Ligand SMILES: [Zn+2]
């Protein structure tokens, strides 16, 4: 553990991860890229948070059906869940 800098500084993958995250949570990423992403998420708390958020958000959307009247409220709920998950970790 020599990392003292914020992950964004150090971790070139963050940019890629940001770009590929959408495809990743949709399960559309090629297996190789998905593996790389997963590895990155293990190392990078920042991207892991984002991925969790996206995944939880998508999951909620799926459960709510295709018609979502109030994404803002959903988003807040997911953020709340995310905050609690972070407390657990
Ligand atoms: Zn990252």
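Structure notes:
- Cα Rg, Dmax, region 14-88, angstrom units: 13.0, 36
- Ranked by the mean number of other Cβ atoms within 10 Å of their residues, highest first, the peptides 14-20, 57-63 come out as 14-20, 57-63.
Just so you know, all these numbers are worked out from the coordinates, no wet-lab data involved. Everything quoted here is computed from the prediction, not taken from an experiment. A quick note on method: Cβ atoms are made from the backbone with ideal geometry, for glycine too, and the neighbour counts reach across all protein chains shown.
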